[in-house]
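Step one of this worksheet: look at the structure below.
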Amino acid sequence: MTTVDLAAPRRGQSRPVGRIAARATVLLLLIGYAAVSLYPFLWMVSAAFKDSIEVVRGGHLIPDNPTFGTFTETWNRLNFFDYFLNSVLVTTYTVVLTLAVYAAAGYAFAVLRFKGRTALSRMFMALLFVPGVTVMLPLVVLESDLGLLGSHWGLVLPFVNGGAPLSILLMTAAFSTIPGELRDSARVDGASEFRIFAGIYLPLAKPALITVALLTAIPTWNEYLLTRVSLNDSSKFTLPLGLQSLASENVPQYNTLMAGALIVVVPVILLFLFLQRYFVSGLVGAVKG
């Protein structure tokens with residue numbers, strides 16, 4: 001005769017309740033973390049639309065009398081257009097050079113076979129664990145010897161070099177997922193190696209290229225330390241240095257400072273939102289590769 005365990009359904013029913021409670025706890029923790037993380041950003045946006053008196057007085061996040069005058073003052077009086085243009089130029093040069101150099105390097109590591117390929121690839125991957133600040137002094141000395149210190153190229157070239165490990169890793173992983181039969185067919189048709197690279201592999205690796213571009217553009221746009229060390233001519237300052245000049249005033253105007261910070265942040269946010277699906281696809285492809 002079979003014995004029925006009457007307690008079994010109760011234990012089975014407790015499991016969904018436990019899972020729901022665990023998920024609810026995690027959700028509450030995530031909501032709390034999101035609130036703590038978003039509040040400084042919301043305060044920055046709010047302060048940028050307030051006048052100098054209201055922002056010091058404090059109070060709620062919604063401005064009593066929202067104004068765009070702070071942005072106009074920040075943009076015109078502090079030459080923010082020049083800083084903005086300098087940041088655009090440095091970031092554009094860095095992204096273009098990074099894509100050109102490391103897309104070719106990723107293709108070589110993923111497709112071509114040459115002596116020392118594995119050792120060279122591992123060397124680049126090891127550089128991921130080297131903190132950038134540890135090479136700051138040798139880098140500045142080298143730039144001085146080459147006559148690049150104080151110029152935008154003194155920023156672009158170190159930025160391109162610093163992005164090598166991660167860029168090569170992502171591009172190698174992306175090219176490794178492309179079937180080798182495509183290359184073999186193109187070679188049979190008489191295509192050169194460059195034509196195969198530019199006409200077949202690059203278009204198929206579009207998500208990885210956009211991912212590398214984003215991972216290069218965002219830190220380049222926000223870089224402060226190397227820019228502070230390298231540049232001493234205010235006409236060549238980028239946005240982070242322009243923002244720092246606002247913070248170093250004798251009597252800082254917090255609404256002007258927050259408006260400048262918003263000018264720095266908004267282009268990066270818009271760029272990420274516009275390319276988000278490609279960014280996620282590129283990371284997923286790199287993980288699978």
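The values are calculated or read from the model by the stated rules, or taken from the named source; none is laboratory data. This one's a predicted model, so the numbers in the text were calculated from it and none came from an experiment. Quick reminder, even Gly has a Cβ in these numbers, built from the backbone with ideal geometry, and neighbours come from all protein chains shown. Surface accessibility is based on the protein's heavy atoms, side chains included, excluding ligands, DNA and RNA. Shrake-Rupley method; radii C 1.70, N 1.55, O 1.52, S 1.80 Å.
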Condition met for THR172 (within 30 Å of TYR83 (Cα to Cα) and surrounded by 21 or more Cβ atoms within 10 Å (Cβ to Cβ)): no
For ASN250: the one exception among (1) open to solvent by 20 Å² or more (accessible area, probe 1.4 Å); (2) modelled with pLDDT of 85 or more: (2)
Test: residue in the stretch 87-100 that is open to solvent by 20 Å² or more (accessible area, probe 1.4 Å) and more than 24 Å from VAL264 (Cα to Cα): yes
Residue selected from the stretch 53-78 under the condition open to solvent by less than 80 Å² (accessible area, probe 1.4 Å) and part of a loop (DSSP other than H, G, I, E, B), by the criterion nearest to TYR39 (Cα to Cα): LEU61
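Does ALA110 qualify as being farther than 16 Å from PRO219 by Cα and open to solvent by less than 40 Å² (accessible area, probe 1.4 Å)?
Against the criterion (farther than 16 Å from PRO219 by Cα and open to solvent by less than 40 Å² (accessible area, probe 1.4 Å)), ALA110 qualifies.
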Residue that is surrounded by the most Cβ atoms within 10 Å (Cβ to Cβ) [pool: residues in the stretch 113-133 that are over 21 Å from the mean Cα position of the chain (by Cα) and not small (Gly, Ala, Ser)]: LEU120
Tally, over the stretch 193-222, of residues that are β-branched (Val, Ile, Thr) and crowded, with 21+ Cβ neighbours inside 10 Å: 4
Counted residues, the stretch 161-195 - those being polar (S, T, N, Q) and in contact (Cβ under 8 Å) with a residue 24 or more places away in the chain: 4
Residue within the stretch 90-98 that is in a helix (DSSP H, G or I), within 30 Å of TRP153 (Cβ to Cβ), without any contact (Cβ under 8 Å) to a residue 60 or more places away in the chain and over 28 Å from the mean Cα position of the chain (by Cα) present: no
Number of the condition not met by SER245 [criteria: (1) at pLDDT 85 or above; (2) under 29 Å from SER46 (Cα atoms); (3) not aromatic (Phe, Trp, Tyr)]: (1)
3 or more residues out of contact with any helix residue (DSSP H, G or I) (no Cβ under 8 Å at 6 or more places or on another chain) and at pLDDT below 90: qualifying helices (runs of 4 or more DSSP H) within the stretch 124-210: 136-146, 180-188
Count of the stretch 227-239 residues which are part of a helix (DSSP H, G or I) and crowded, with 20+ Cβ neighbours inside 10 Å: 4
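Confirm whether VAL36 is at pLDDT 80 or above and surrounded by fewer than 10 Cβ atoms within 10 Å (Cβ to Cβ).
Details: at pLDDT 80 or above: yes; surrounded by fewer than 10 Cβ atoms within 10 Å (Cβ to Cβ): yes.
Taking the combined requirement at face value, the residue satisfies it.
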Matching residues in the stretch 211-226 - criterion: being in a helix (DSSP H, G or I) and of a type outside the set (A, V, I, L, M, F, W, C): THR211, THR216, PRO219, THR220, ASN222
Flag for LEU149 being surrounded by 16 or more Cβ atoms within 10 Å (Cβ to Cβ), of a type outside the set (Val, Ile, Thr) and under 18 Å from the mean Cα position of the chain (by Cα): no
Criterion violated by ALA164 - all others in (1) over 17 Å from ALA100 (Cβ atoms); (2) within 25 Å of the chain's Cα centre (by Cα); (3) of a type outside the set (S, T, N, Q) satisfied: (1)
